[in-house]
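Beneath this line is the structure, given in structure tokens, with notes to follow.
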Protein chains: 2
Amino acid sequence: MKSPIDSRARFVEATAELLRRQGYHATGLKQIVARSGAPRGSLYFHFPGGKEQLAEAALEHSGQQMHAELLALVDAASSLGEAIVAVAAALADRLEASEFLDGCPVATVALEAAARSPALQRACSASYARWQDLIEQRLPRWGVAPERAHAVANLVLCTLEGALLLSRAHADTAPLRSAAQQLAAALDGARA
Amino acid sequence: MKSPIDSRARFVEATAELLRRQGYHATGLKQIVARSGAPRGSLYFHFPGGKEQLAEAALEHSGQQMHAELLALVDAASSLGEAIVAVAAALADRLEASEFLDGCPVATVALEAAARSPALQRACSASYARWQDLIEQRLPRWGVAPERAHAVANLVLCTLEGALLLSRAHADTAPLRSAAQQLAAALDGARA
């Protein structure tokens, strides 16, 4: 017999995948239950707030997962430009492997629902802030002045998010790979 | 009596507004008819393909409208940095005036539906390509080498799109205004 902890994690993972691939409005509780393989009856036990509460948990889960992936890529890089290009390459590879379904796990919900659900807006905002903090903290070691780190980290995150969006829209990873190369060169040039 | 042309335009405008504010899946035909004020019976006369065909027309309409706005802002700017900051300021003002509902008119549908509907994917892709072409064509006069214009225009569009997304997610236009300033400075620095 599966433990309740398993069921909770399965609901969260299934929801995270569906939100990433198709967004909030296209995702129904029936589809989440079917995808999770967990017993339907336990859904409201774990998530009495229903779909919105489940989406909040899924966004937090995705945010943590992306944070861990970013951390590994950023810590392996020896310059800001190298980090930007490495993150973009990892995101582009995933986009191609999933036939352009697996983009940013937060972006679709942020655009669809954030202005209408304070809970989802906070969850999306928290993930983005966390990723940006991670970049910001690494910047001084790559020669970015501490007083510029917040703004440069914002620029890097904005560019990568927009490039992921354009790569999905064109069904082509060229925008992502090219934007990363250009931003890496521009930031190195501006610092030199 | 309203002409059929009025009804068509009203359906398209109502759909464009709903897609921009809440996306494709949250938007139903009943809501479109109610918002448009046009007679329900004429919907399938103008759009026998239903919601998907209507969304295609709405995306094209929004793409043209944004193209005209970008053209005016870009033509009034005397440098690449000035153009980037002016476009970001206009987008940020609109976001604030609409309580963070009016972001990019194409992005939400691109993320929700583009990987599942070839027609919507083409419509989103066409709008982005058109905006990027407009930027690309103006770059040589601002000192960007013609062979770099395509890649720089892609970087500018990616950054603005991602910054719009982050500003909606945080319900704060600071990411958009800051990213534009930073990109303007980085591109000027790299070219100098």
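So, in segment A:151-189, of the ones that are of a type in the set (S, T, Y) and more than 7 Å from chain B (Cβ to nearest Cβ), which residue ends up farthest from B:R168 (Cα to Cα)?
In this case the residue turns out to be A:T173.
Tell me, please, whether a residue that is under 28 Å from A:V144 (Cα atoms) and crowded, with 19+ Cβ neighbours inside 10 Å can be found in segment A:109-121. No: segment A:109-121 contains no residue that is under 28 Å from A:V144 (Cα atoms) and crowded, with 19+ Cβ neighbours inside 10 Å. Residue-level check: of (1) surrounded by fewer than 24 Cβ atoms within 10 Å (Cβ to Cβ); (2) more than 7 Å from every other protein chain (Cβ to nearest Cβ), A:L101 misses just (2). Just give me the residues in segment B:28-56 being among the polar types (S, T, N, Q) and modelled with pLDDT of 95 or more, in sequence order. Within segment B:28-56, B:Q31, B:S36, B:Q53 qualify. In segment A:12-54, the residue that is farthest from A:A114 (Cα to Cα) out of those that are more than 19 Å from the chain's Cα centre (by Cα) and hydroxyl-bearing (S, T, Y) is A:S42. Would you mind stating whether B:K30 is among the charged types (D, E, K, R), more than 14 Å from chain A (Cβ to nearest Cβ) and either free of Cβ contacts under 8 Å to residues at least 60 places away in the same chain or assigned to a helix (DSSP H, G or I) (or both)? For B:K30, the condition - among the charged types (D, E, K, R), more than 14 Å from chain A (Cβ to nearest Cβ) and either free of Cβ contacts under 8 Å to residues at least 60 places away in the same chain or assigned to a helix (DSSP H, G or I) (or both) - is met.
For segment B:128-150, what are the residues that are among the small types (G, A, S) and either touching a Lys or Arg at 6+ places or on another chain (Cβ under 8 Å) or at the interface with chain A (Cβ under 8 Å from one of its Cβ atoms) (or both)?
B:A129, B:G143
Of all residues in segment B:54-78, those being buried (at least 16 other Cβ atoms within 10 Å of the Cβ) and part of a helix (DSSP H, G or I) number 14.
The values are calculated or read from the model by the stated rules, or taken from the named source; none is laboratory data. Since we're looking at a predicted model, the values are computed, not measured. Counting neighbours? That spans all protein chains shown, and the Cβs are built from the backbone with ideal geometry, glycine included.
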